[in-house]
Amino acid sequence: MLKALAEYYDRLPEEKCLPPYGQENVGIAWILALSQEGKFISLQPQITSKNDPLPIYQVSTRPITTSGIESPYFFGKISYVLGIGDKNGKKNADFVDTVNKIANFFRNDTDFQAVQQFYKSPEDVDKAKSAYEREKKNNSFIQENALVAFSIYKPGRHTPLVAEKEELIIYRKHLDEQEQSTLTLCSITGEEGPTTRLHPSVVGNAKLISFQENSVFDSYGKTKGDNAPINKVIADKIAKAFKHLHTSKYNHHKDNRYKIQHIYWISQSREVNDDMIATFVDAVFDDPQDSAEIVKEILKLSNSADSFHSDKEFHIMSYVPGEGRIAVYQWRTGIVEKVFANIWEHHQNLNTINAKGELDEDYPPIYSLSRLLTALEYGKKGDQTRPSSTFIQHILDSIIWRRKYPRLILMRAVQKLSSTILKLPEYHNKSKGKDYNASIDILIGLIKAYHKRNCKISIPMKLDEEFSDQAYVLGRLMRVYQETQERALGYGLNSTVFDKFYRKALTAPQQVFPRNLESLFSAHIGKIRRKNSYLAELLQEKKAKLTDMLPKEKPFPAHLTIEERGRFLCGYGHQFLQDKMDQKEQKKKKNED
């Protein structure tokens, strides 16, 4: 895992290149301008509204201290730079001490000398403090902990930040040499180099790598870190790669409904199209704005390029940031081509005719993890249940690594669909269709995907009159009984066959199909025959075809398993939607005639 992060740092494209060892990219909110003599000139904000992004500068940083915080060189929070809010004055004193050490090391550097002179003049420091208090009132949108950096004004010349000077890299190298770290073989790369004792923070003060005192890392006479030595430069690369991914818009996912976060990356090849891969994997977690168009574009590119046909490694890490360290929940790695195929197979498995009667077999809709959880009513307002971290991880394993879907998905989908599907008739019987519930599509898709992967049963995407699975046929038969009542008595009844017997038919078919439903069917057919004998014959023939598909010995089982209930619901839904589409087609032809 650590090696993969270090490799990712090395292979980042130039436009996303991370700073080298000893430097960081930071956002600066305030520029404190001094004259070449160290006199205060101005303190200027770098942004004009809270929506403006902070300008990013590549600055040098000090070696990690025992507190784990990298103290700044010529930039920092206002408590460090001017001592405002520094209760005991320690932060400001440490900052000024660092300025003096660097200025004394580079006695001929006028920029360092100017900052040193500034701190020797209480009058100029007070002017800077007053300017900050004044500007802060006028720019209250700038956060209290925003960074301040020194700049030396030189008329007619570009004036970079003092913290950007290359001399600071030399000074950092000088400090590293003074530390006299033991040269050992790095446990990650196998190369000899100086070992780090303290590792950089990656999220707040939390570290990805840390060693506990008086633990196994101190055993066999080893000092802290020597049992698992990591090169200083490699540790820096790992931290920066993790930070980059953690703050990335594309390679990082966080959902407030559960604590676990995820980052994903390709570690080795610069040839793989990162943006295209990221877009496709992002859709696993978050809904794209236009999923259909994105998928079509990706598939066109993948057919004409080798971006998804790569044997390079894909990595995904699941973790929980803590106060002092990052708790890595899981890390997995696989081949890019296989990961793409697994994700695409998942989307295809979910594809089914939707509640509007629409189906695109070539370009399935993209349902993110968030949408799946919403359809299962996790995190819905009023629902106190929350998905466990293990459940979330199992779903991701199913999508990305082609593991079996967790059984809880089927149980929850059947439970929710058995109540949600009651809204299908209500939706289709209203002209404007305002009650359309998109979760029906996802729930049927989840049941279909579970059967395909776990049970090796291929439930069709839409009505298949040749699909003879008993539970699927029973679901279709339930719809025929419902349709017969609608034709006989009309719509909008206070109590229907479906309302009375649907739940019992779903769990114990033997109790309602042979007697209750069959008896009502006969009564309804008799009523229809008196008005329209042709329609009555059609409905009887439709029912007969279905009963002929049922096993002769035991057509109506005493109980249905959870898997069979899922197929029952799919059969009912497919038959219902096909009936409605047939009715619309007949109405259209009638109007044309």
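For region 476-593, give me every one of the helices (runs of 4 or more DSSP H) that falls completely inside it and has 2 or more residues that are acidic (Asp, Glu) and within 29 Å of residue 411 (Cα to Cα).
The helices (runs of 4 or more DSSP H) meeting that bar are 562-592.
Of all residues in region 548-593, which are more than 30 Å from residue 438 (Cβ to Cβ) and buried (at least 17 other Cβ atoms within 10 Å of the Cβ)?
549, 550, 555, 556, 557 - these are the residues of region 548-593 that are more than 30 Å from residue 438 (Cβ to Cβ) and buried (at least 17 other Cβ atoms within 10 Å of the Cβ).
Does residue 128 satisfy being within 16 Å of residue 102 (Cβ to Cβ) and modelled with pLDDT of 90 or more?
no
Being touching a Lys or Arg at 6+ places or on another chain (Cβ under 7 Å), more than 23 Å from residue 569 (Cβ to Cβ) and in the same structural domain as residue 583 (by TED's automatic domain parsing) is the requirement here; does residue 506 meet it?
Answer is no for this residue.
Between a residue in region 72-96 that is assigned by TED's automatic domain parsing to the domain that holds residue 62 and any residue that is acidic (Asp, Glu) and surrounded by 19 or more Cβ atoms within 10 Å (Cβ to Cβ), which pairs come within a Cβ distance under 9 Å, given they are 6 or more apart or on different chains?
Listed pairs, sorted by first residue: 74/111.
Might you let me know whether region 103-120 holds any residue that is touching a Phe, Trp or Tyr at 6+ places or on another chain (Cβ under 6 Å), in the same structural domain as residue 21 (by TED's automatic domain parsing) and within 30 Å of residue 49 (Cα to Cα)?
yes
Which one of these does residue 467 not meet: (1) at pLDDT 95 or above; (2) touching a Phe, Trp or Tyr at 6+ places or on another chain (Cβ under 6 Å); (3) not aliphatic (A, V, I, L, M)?
Just one mismatch for residue 467, condition (2).
For residues in region 478-535 being small (Gly, Ala, Ser) and over 21 Å from residue 558 (Cα atoms), which is surrounded by the most Cβ atoms within 10 Å (Cβ to Cβ)?
By that ranking, first place goes to 488.
Within region 517-556, which residues are among the hydroxyl-bearing types (Ser, Thr, Tyr) and over 21 Å from residue 466 (Cα atoms)?
Across region 517-556, the qualifying residues are 519, 522, 533, 534.
Which residue is modelled with the lowest pLDDT, if the candidates are limited to region 340-391 and must be among the small types (Gly, Ala, Ser) and either under 17 Å from residue 458 (Cα atoms) or in a loop (DSSP other than H, G, I, E, B) (or both)?
Selected residue: 382.
Conditions tested, residue by residue: (1) touching a Leu at 6+ places or on another chain (Cβ under 7 Å); (2) buried (at least 17 other Cβ atoms within 10 Å of the Cβ).
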| site | (1), (2) |
| --- | --- |
| 315 | no, yes |
| 326 | yes, yes |
| 331 | no, no |
| 353 | yes, yes |
| 366 | no, yes |
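In region 132-165, which residues are modelled with pLDDT of 90 or more and either more than 40 Å from the chain's Cα centre (by Cα) or not aliphatic (A, V, I, L, M) (or both)?
The answer is 132, 133, 134, 135, 150, 151, 152, 153, 164, 165.
Determine, yes or no, whether residue 392 is in contact with a strand residue (DSSP E or B) (Cβ under 9 Å, 6 or more places away or on another chain) and closer than 23 Å to residue 455 by Cβ.
yes
The values are calculated or read from the model by the stated rules, or taken from the named source; none is laboratory data. Predicted model only: the values in this text are computed from it and were never measured. Neighbour counts are summed over all protein chains in view; Cβ atoms, including those assigned to glycine, are modelled from backbone coordinates with ideal geometry.
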